[in-house]
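Throughout, read-outs are computed from the coordinates displayed, never taken from laboratory work. The model shown is predicted, which means the values in this text are computed figures rather than measured ones. Cβ: placed from backbone, ideal geometry, glycine included. Neighbour counts: every protein chain shown.
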Amino acid sequence: MTARVWLAALAATGIAAAAPGAAPAATRTITMSGSTPTAAVTADLAYFYRRQVRNPPRFSLVGGGTGTGISDAARGIVDVGLASRALAADDPPGLVFSPIALSGVCLVTNRANPVPGLDRAQIQDLVAGRLTSWTQVRGSARTDPIAPVALDERAGARSVFLSVFVDLVTPLAYAPRTLATAAQMRDFVRATPAALGYVDLAFAGELHAVPYEGIACTTTTIRSGAYPARRPLGFVTRGRPRGATARFLRWIARSRTARRVIATRYVPLVASMRG
C-alpha cells in the first residue's frame, strides 16, 4: 500500500491524516507521526482494531520520517512517534520504544538491472566514491555510471544502511541523490535503470532486491537472522505507553488478526524475537 493509498484509506475509516498538533476530531484520538513503513502497517492495524473493540479511539497519522516521529514524541506534539529503528544513545532522554514488527533494509536496483549480488567490499567502494560505473559490478549488463540514491538523515533505513553495511573507517565520499521517504526511493529506483539504493522490505516488491554476501532480503532470512540488515518497527512514547496507546499495543501483541496483518508485510514480533 502506497503512502497516498493508506492516507486515503484513513479518512474513510475513522483514522485521520492530519498534521501533528491538530485539534482531535474525537474525545480519544491517538496522534502519531514518523516513519512511512511503520505508519503504513499501523494504519492497517488500526483499521482492524477499530472493528474489533468497543468504543475504539480515532487515529491521526502523518509521515515525516523516523527522526521526525521521535522528535515529535519527545516534545509532546504527538502521542506516538512511529520509528523504523530502535532508540539510539543520541535520541532525547525519557523515551520508550515498543516494537511491533521486524523488517529489513534491502539493497535495490531497477528490475531491468538484476545484479546477482553485492559484497561488503563493493559497498565500501561505492560509498567511498571508488565504485562509480556498472562495468565494475560483476553480473550487470549496464555500462553507464551508477546512479546512487540514499535516504535523508531522518530516515531509520539510512541509520541501518550506515551501521550494517558501511565500515566506520570508510569515508562517505560519494554523492547520492537524497530522498525523504521510502516511497520516493522506490519510485526513483523503479524509474531509473542505473539506480542503486536501499529501501524497506515492504517497498522492495516492484524492484530488484540485491542479495548481500549471497543472502537474499526476504521475510525468511530476516526471521532467521541470516540477513544482517534487520530492524524493528515500533512506537516511541514519552515514558511507558499509557491509556489508549497501551491498549492498542496490547491488542497488537495478543491478537491473531494483528499478527496476520503484520505478516502481510513483515515478520510478526512474537515469532521473530525468539532467536
* Asked: Treating the beta-carbon of each Lys and Arg as +1 and of each Asp and Glu as -1, no other charges, what is the dipole magnitude of the range 104-224 about its Cα centre, to the nearest 20 debye?
  -> 140
* Taking Rh as the Kirkwood radius, which is the inverse of the mean 1/r over Cα pairs, what is the Rg/Rh value for the chain? -> 0.99
* Asked: Roughly how many Å is it from the Cα centre of the range 230-255 to that of the range 88-156, as a whole number?
  -> 29
* Counting only C-alpha contacts under 8 Å and six or more residues apart, can you give the relative contact order of the chain as a whole percent? => 26
* Square roots of five times the Cα gyration tensor eigenvalues for the range 104-224, Å -> 18, 17, 15
* Cβ-placed point charges (K, R +1; D, E -1), dipole of the chain about Cα centre in debye, nearest 20 -> 1320
* To do: Over the range 145-205, calculate the relative contact order: mean separation of alpha carbon pairs under 8 Å at least 6 apart, over the residue count, as a percent.
  => 47
* **For P57, net neighbour charge (Lys/Arg +1, Asp/Glu -1) across residues whose Cβ lies under 12 Å away** => +4
* Under a point spin-label approximation (7 Å from Cα along Cα-to-Cβ), what is the A180-D167 distance to one decimal in nm? -> 3.6
* Asked: Which loop-located trypsin sites (Lys or Arg not before Pro) does the range 29-136 contain, where loop means any DSSP state but H, G, I, E or B and the Cβ has at most 11 other Cβ atoms within 10 Å?
  -> R54
